[in-house]
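What follows is a set of notes on a single structure, which appears directly below.
Nothing in this text is a laboratory measurement; each read-out follows from the coordinates by a stated rule. Nothing here was measured: the structure is a model prediction, and the numbers come from that model. As a convention, Cβ positions derive from the backbone with ideal geometry for all residues, glycine included, and neighbour counts pool all protein chains shown.
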Amino acid sequence: NTSVRNATADFRGLVRHFEGVVHHADIAKESHFAGTFDIKGIPAWQTSKYVIGVEDLYLPSNDILALTDNILHEPLDGKVRDIVSRAKWVSARGTFGGYLHNFRVVGNVGSGEGGLSADIKMAKEEDVRHRLQGRVKTSRLDMGELLSLNVLHDIDSDIVVDGSFGSRDSGGVRGDVDVDVSGLGLGNYRYTAISGMGHIDGDSYYAELY
């Protein structure tokens, strides 16, 4: 069971249009949350419109593991648990706006081993395909520590994705990925000004660095 304590919140509206503000809530042992939500269309949740704002979320690793165990009713895979533990803690701020199959997410995530920011849009193109566009920036994200790879250290990068995905019969994953790395710790050295591009088309992949 997960405990929620010291919660202050305001709610208003009807089932079909429900909105509210969680000013503060303590969760599990050391976690806390504050945010807003505005949901239109319930109980038809699959076609409802959601606007959700996370103003302050903090989760230490032990709470993340406890929460996922409670939700999934079984432990996470051992490798995933190790990554969560090495992250030490996670904090987040951001917004989700739109529908389940047509939305935009903008936010920042921090951890004990660095952070990232993201701006991601997904839209349904056809019955079996979705378009995905987005940008992710990492800041001193220590992938080596998270993945337990001694040779790899922190990375500062800017990744832009523009593509689509669907079933294998509809073409699988197609799209372009551009990467700019302003800093990468590898072994005893730190490398800068690395750029790359890649193209995915179903089962084929092309990439180059420059």
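Relative contact order for the range 1-66: what percent, with Cα pairs under 8 Å and sequence separation of 6 or more?
26
Under Stokes-Einstein, with the Kirkwood radius over Cα pairs standing in for Rh, what whole-number D in µm²/s applies to the range 1-66 at 10 °C and 1.306 mPa s?
The calculation lands on 122 µm²/s.
All other residues with a Cβ under 11 Å from the Cβ of His23 taken together, and with Lys, Arg as +1 and Asp, Glu as -1, what is their net charge?
Charge balance in the 11 Å sphere: -3.
With θ taken as phi - 60° and the coefficients 6.51, -1.76 and 1.60, list the Karplus ³J(HN,Hα) couplings across the range 167-173 in order, rounded to whole Hz; mark glycine and proline as x.
Computed from phi, the couplings for the range 167-173 are 5, 4, 5, 8, x, x, 9 Hz.
Along each of the three principal axes of the Cα atoms of the range 105-154, give the extent in whole Å, ordering the values from largest to smallest.
Largest to smallest, the principal-axis extents are 44, 20, 12 Å.
Which is farthest toward the positive dipole end of the chain among Tyr99, Gly35, Ala9, measuring Cα position about the Cα centre, with Cβ charges +1 (Lys, Arg) and -1 (Asp, Glu)?
Positive-most Cα among the choices belongs to Ala9.
Tell me, what is the percent relative contact order of the chain, built from C-alpha pairs under 8 Å that lie six or more residues apart?
10
Please turn the phi angles of the range 176-192 into ³J(HN,Hα) values with the Karplus equation 6.51 cos²θ - 1.76 cosθ + 1.60 (θ = phi - 60°), one per residue in order, whole Hz, x for glycine and proline.
These are the phi-based 3J(HN,Hα) values: 10, 10, 10, 10, 10, 10, 8, x, 8, x, 9, x, 8, 10, 10, 9, 10 Hz.
Rounded if a/c is under 1.5, else prolate if a/b beats b/c, else oblate: with a ≥ b ≥ c from the C-alpha gyration tensor eigenvalues square-rooted, which is the range 38-79?
Here the range 38-79 falls in the oblate category.
Take the Cα atoms of the range 1-120, build their convex hull, and give its volume per residue in Å³.
So the per-residue Cα hull volume is 122 Å³.
To the nearest 20 Debye, how big is the dipole of the chain about its Cα centre, given +1 on the beta carbon of each Lys and Arg and -1 on that of each Asp and Glu?
540
Can you tell me how the range 140-182 classifies by the Cα gyration tensor, rounded, prolate or oblate, using a/c under 1.5 as the rounded cut?
oblate
Arrange the peptides 46-58, 197-209 so that the one whose residues have, on average, the most other Cβ atoms within 10 Å appears first.
The packing order, highest mean first, is 46-58, 197-209.
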